[in-house]
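Heads up: the structure comes next, in structure tokens.
The values are calculated or read from the model by the stated rules, or taken from the named source; none is laboratory data. Keep in mind that this is a model prediction, so the values were computed, not measured. Don't worry about glycine lacking a Cβ; one is built from the backbone with ideal geometry, like all the others, and counts go over all protein chains shown. Only protein heavy atoms, including side chains, enter the accessible area calculation; ligands, DNA and RNA are left aside. Shrake-Rupley method; radii C 1.70, N 1.55, O 1.52, S 1.80 Å.
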Amino acid sequence: MNDTISVRLSPADVSFEAERGRPLRGPLALHGVDLPCGGAAACGGCRIRVLAGTLTPTVVDRQSLTARELAEGWRLACKARAESDVVLEVQHRTIPVLADDRPIPAGRRRGLGIAVDVGSTTIAAQLIDLANGAVLGVRTALNPQVAEGADVMSRVRFALNSRALTERIRTFLGAMLGDLAGRNAGRVVEVALVGNTVMHHLFCGIDVAPLSHAPFASSCLGEQRFSAGALHWALPNETIVRFLPCLGGFVGSDILAGIVAVDLGRDQGLRALVDLGTNGEIAVGNRDRILVASTAAGTAFEAGAIRQGMRAATGAISRVDVEGSELRCTVLGGGDPIGICGSGVIDAVAVGLETGAINAKGRIVTGSRRFPLANGIELVQADIRELQLAKGAIAAGLHILLRQWGASADDLRTLYLSGAFGNDVRPRSAIRIGLLEVPPDRVVVSGNTALHGTKMLLCADEAPRLAAIDHVMLAADGRFEEAFVAKMSFPARRGED
Amino acid sequence: MQNKDMREEEMIDLKKLYDAILNGDAKTSVAVTRQAIEAKCDPSEVINGTMIPAMAEVGRLYEDEEYFVPEMLLSARAMKGALELLRPLLLNAGGKPTGRVIIGTVQGDLHDIGKNLVISMLEGAGFDVTDLGIDVAPETFIAAIRERQPHIVGMSALLTVTMPAIKTTIDAILAAGVRDQVKIMIGGAPVTKEYAKEVGADGYSVNASVAVSVAKRMLNIGIA
């Protein structure tokens, strides 16, 4: 007989049981607690508060929290273990997940299909009629792997010693898709999944060791097929489940699907796709040739790197505008802000650059060295530096890809912004801070291109004709470092030196 | 020309060098250093009296969050321009470096910039530094220890997945029988003081500027 305790979360008022002595971070992550550094106790970003019951402070709690905070009941979720019945204060966050409702060209396929965008942070799945691409159902969810870290490298590290992530994602998706298909399950003929190389390897059970050190080159990048029966999914045994192929390095099939979705290779004109999600992938090319690369963008815009940063969820400042001499902040879900998300950070810095509170070198020039926004939410100097590192990497990545392709930003007809973060961010602000170096009229905010492209691939009569797609390792380009450093600074105000 | 006038001229020149390094102005830094050499300034005086204090100020500005990576790199470039002209003269005059350091990013890791900043700050403090590069195998570290006989070995890792290579390298240095000939300093974003203790390193530095004081402490050099 298991000795279990019950955990109740406030204010969401959900409860779950846990075996005494077991770590709580897994279920807590699934209920919305961010684990920015993946449970390494390095960031303090996972704090929760004990309202009733006991959680004895751990060594790490004592190192990370002040005596007063400990007395008030604050603990780090990543190290908490079930001890007694407890009531924990956890800001239950609803995270809007990007799905897709743009129409698909009709083909000759019949039956139902399921397209799944397995994002590092969020998963979006749609049940479609293969004859016309009509969406019959949608499910979205937080990727349960976030318990092992917000970034893919934390998960790679975990998976070096454990198959748990593979089992967990297969089980999770099985339940999610079985629920999505519902009484239509018998008509599902194919499931297509897309995601970055780490998502691909974890789902398919491929050894992640090659991804854990330079040159980060796995030899198993191809499409993998399973039968729903072999995966024990609640779909017909013979339903095909395929994880689409990776493009190279960490760039996966979600970018392939994105390239298809925006028709990057439609003609000789040069176009770019920038996915401002967790891994910052970029594709540049035309009908003849496409280059892809990934930069490490994600964690700079989420908790762990930005002091009061959080995911784009309820309570996050997502927009910052100037009205006369005042700042006006928009908060997701309304109410008082509890933090700031990526799009808010970019807006805030764009505003700061325009008002002169932040100079082109990234220095907050006001005496306090803080940039207050609303309700005690502010950016500090270190936050600006983190942003400079992330946006420098992306801007340099785009610059290097263009250079390797043999063109410049002026040659770009269109720059498609995709990914959850790419859809929240204001193009003008991204341009103002130098993250995107193109005129505003060339930027097209494109929604969930991974999901849309996957649906197109599912419904297509035959595989689309694609240009040669080559993966570029930015670290191996001798000019990357110089471009990275140069693009850390911000564009000056007009009229400034 | 009187000696006094010449010394005043020197002093003015060297303030220009100090400012050039602080402002990241490599062109001026090189020009002024040339003038100083022509005026027969003592090279080790230029290094100790001007270059090292300038880089120490750069380090302070970095720790104060005034300077960021681009400013550090520009100042480093200006400093290196001066150092390249002065170093050969120093060796001829029998000058000794503050200490000898070899440094590299560990096997499996390609990150560069942080390590390069550490190298610049150490050189700016008068250390003789050999850069082993990135993705450096333990054998390469060991060979360099035998060849260069450094006082300090620096190791950098920027990913949690490549951090274990620090331990592997230290263990290999131990197994090769050269561990007690050197002091080992580690650094990089995921590296912590606790991890340094865990893997048997002698020291840890949180950034390039702190690396200088850690290095000096390791060699028992008085700190200002």
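Side notes on the structure shown:
- Heavy-atom accessible area, 1.4 Å probe, ligands and nucleic acids excluded: residues of segment A:353-382 down by at least 10 Å² from chain alone: A:K361, A:R363, A:R369, A:Q381, A:A382
- Entry note, chain B: the mean residue ellipticity at 222 nm calculated from DSSP H runs of n ≥ 4, each adding -39500 (n - 2.57), is -18000 deg cm²/dmol after division by the residues and rounding to the nearest 500.
- Sorted largest first by accessible area at a 1.4 angstrom probe radius, with every protein chain in place, the residues A:K391, A:K487, B:K27 fall in the order B:K27, A:K487, A:K391.
- Remark: segment B:100-219 carries a charge dipole of roughly 360 debye about the Cα centre, counting +1 on each Lys and Arg Cβ and -1 on each Asp and Glu Cβ.
- Each residue of segment B:100-219 gets 81 Å³ once the volume of the Cα convex hull is shared out per residue.
- Cα point-scatterer Debye curve for segment A:203-337, base-10 log of I(q)/I(0) at q = 0.09, 0.11, 0.21 Å⁻¹: -0.46, -0.66, -1.16
- Sorting A:H452, A:H200 on solvent-accessible area from highest to lowest, probe radius 1.4 Å, gives A:H452, A:H200.
- For the chain pair A and B, buried accessible area totals roughly 1800 Å², probe 1.4 Å, rounded to the nearest 100.
- Drop in accessible area of at least 20 Å² in the complex versus isolated chain, residues of segment A:152-169, 1.4 Å probe: A:M153, A:R157
- Carbon-plus-sulfur accessible fraction, segment A:340-390 (probe radius 1.4 Å, protein heavy atoms only): 53%.
- Over chain A, DSSP H runs of length four or greater, each weighted -39,500 (n - 2.57), average out per residue to a 222 nm ellipticity of -7500 deg cm²/dmol.
- Positive dipole terminus of segment B:100-219, leading residue within B:I119, B:S156, B:V210 (C-beta point charges): B:V210
- Note on A:D288: accessible area approximately 90 square angstrom, rounded to 10, probe 1.4 Å, nucleic acids and ligands left out.
- Positions from segment B:63-109 whose accessible area shrinks by 40 Å² or more when the full protein complex is built, not the chain alone, probe 1.4 Å: B:E65, B:E66, B:F68, B:P70, B:E71, B:G108
- Neighbouring partner chain Cβ atoms per residue of B:150-163, average, 10 Å criterion: 3
- Portion, in percent, of the accessible area of segment B:100-219 that falls on carbon or sulfur, probe 1.4 Å: 52 percent
- A 1.4 Å probe run over chain A, with the rest of the protein chains in place, finds 40 Å² accessible per residue.
- Ordered from highest to lowest accessible area with the whole protein assembly present and a 1.4 Å probe, A:R369, A:R494 read as A:R494, A:R369.
- Accessible area of segment B:100-219 divided out per residue, in Å², using a probe of 1.4 angstrom: 38 Å²
- The P(r) of chain A has a tail past 34 Å containing 37 percent of all C-alpha pairs.
- Dipole orientation for the protein assembly as shown: of the candidates B:S29, B:G49, A:G285, A:G285 has the Cα lying most toward the positive pole (charges on Cβ; Lys, Arg +1; Asp, Glu -1).
- Two-site label geometry, A:R413 and B:S44: point separation in nm, points 7 Å out along Cα→Cβ: 6.8 nm
- For segment B:2-92, alpha-carbon Rg relative to the globular expectation (2.2 N^0.38 Å, N residues): 1.07
- Segment A:193-257 shape via C-alpha gyration tensor axes, a/c threshold 1.5: prolate
- Relative contact order, percent, segment A:174-234 [alpha-carbon distance under 8 Å, six or more residues apart]: 41 percent
- Number of partner chain Cβ atoms within 10 Å, mean per residue of B:190-200: 1
- Rounded to the nearest 20, the Cβ-based charge dipole of chain B about its Cα centre (Lys and Arg +1, Asp and Glu -1) stands at 520 debye.
- Size of electric dipole in segment B:2-92: Cβ of Lys, Arg +1 and of Asp, Glu -1, about Cα centre, debye, nearest 20: 380 debye
- Percent accessible area from carbon and sulfur atoms, segment B:2-92, protein chains only, probe 1.4 Å: 52 percent
- Within the full protein context, the accessible area of A:S84 is estimated at about 30 Å² for a probe radius of 1.4 Å.
- Where both bridge residues fall in segment A:77-228, DSSP classifies roughly 70% of the beta bridges as antiparallel.
- Centroid-to-centroid separation of segment A:342-369 and segment A:186-210 [C-alpha atoms, Å]: 41 Å
- Prolate is the label for chain B, because a/c, from the alpha-carbon gyration tensor with a ≥ b ≥ c as root eigenvalues, is 1.5 or above and a/b exceeds b/c.
- Taking the DSSP beta bridges with both ends in the protein assembly as shown, the antiparallel portion is around 50 percent.
- Point-to-point label distance, B:E57-A:V445, nm (Cα→Cβ direction, 7 Å offset): 4.7 nm
- When the C-alpha to C-alpha distance is required to be over 18 Å, the pairs from B:K167/B:K197; B:K80/B:K115; A:K79/B:K193; B:K15/B:K216; B:K27/B:K96; B:K167/B:K193 that qualify are A:K79/B:K193; B:K15/B:K216; B:K27/B:K96.
- Residue-averaged beta-carbon neighbours from other chains (10 angstrom radius) around A:210-218: 4
- The heavy atoms of A:W405 present about 60 square angstrom of accessible area, all protein chains included, probe 1.4 Å.
- For chain A: relative contact order, % (alpha-carbon pairs under 8 angstrom, 6 or more apart): 15 percent
- Across chain B, C-alpha contacts under 8 Å between residues 6 or more apart give a mean separation that, scaled by the residue count, equals a relative contact order of 17 percent.
- Options A:A141, A:F250, A:A67, ranked by Cα towards positive dipole end of chain A, top entry (Cβ charges): A:A67
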